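Since every read-out is calculated from the coordinates, none of them should be taken as a lab result. Since we're looking at a predicted model, the values are computed, not measured. When we count neighbours, we look across all protein chains shown, and the Cβ atoms used for this are built from the backbone with ideal geometry, even at glycine.
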Amino acid sequence: MRPGAMIRIGVALAGVVAGLAAAAPAAGVPGARPGPGGAAGAAAVAGDLDGRCDPGDLCLWHGVFEGSVADFSYIDGDLNDNVFPGPGAGQNTFVANNSESAHNYDSSWTAFLCTGTNGRGTCVVVRPNQSVLLTGDMLDNVESILWSI
């Protein structure tokens with residue numbers, strides 16, 4: 001599969017991915033990044049959603065690598081409650097269903113952008129240090145972010 005290619009998550013894989021998203025806030029889940037409520041949650045979110053793409057972030061742009069940007073370093077199973085904080089076109093609009101491009105600024109974790117909440121629906125893989133244009137079913141249709149090592 002070429003990098004950034006869309007994949008259909010089967011029932012079994014969707015359950016595993018959704019399980020990771022649900023379990024992420026709990027400490028000690030192998031391969032799952034902590035979320036805002038996790039043991040490392042306060043540290044994990046300190047630089048998130050500040051409109052800057054830092055090492056370890058997955059950044060989503062309102063446009064094609066331009067306009068407002070939202071940055072995440074943790075699993076977020078529902079982007080419907082996040083807005084683009086960065087300056088530019090799209091600032092203060094909801095991240096869910098408004099993203100056109102993404103870059104993974106992490107050097108070891110792979111991000112999954114999914115069309116449904118909690119990793120459901122169609123997902124695109126964003127490998128470490130990779131950029132993707134969100135096209136087709138993914139364009140303006142991302143509702144959750146998952147991570148895997």
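Any chance you could run the full-extension gain for residue 64 through residue 110? It's 0.36 nm times the residue separation minus the Cα-Cα distance, nm to one decimal.
Full-extension gain reported as 14.5 nm.
Spin-label point model (7 Å from Cα, Cβ direction): what's the residue 137 to residue 149 distance in nm?
3.1 nm
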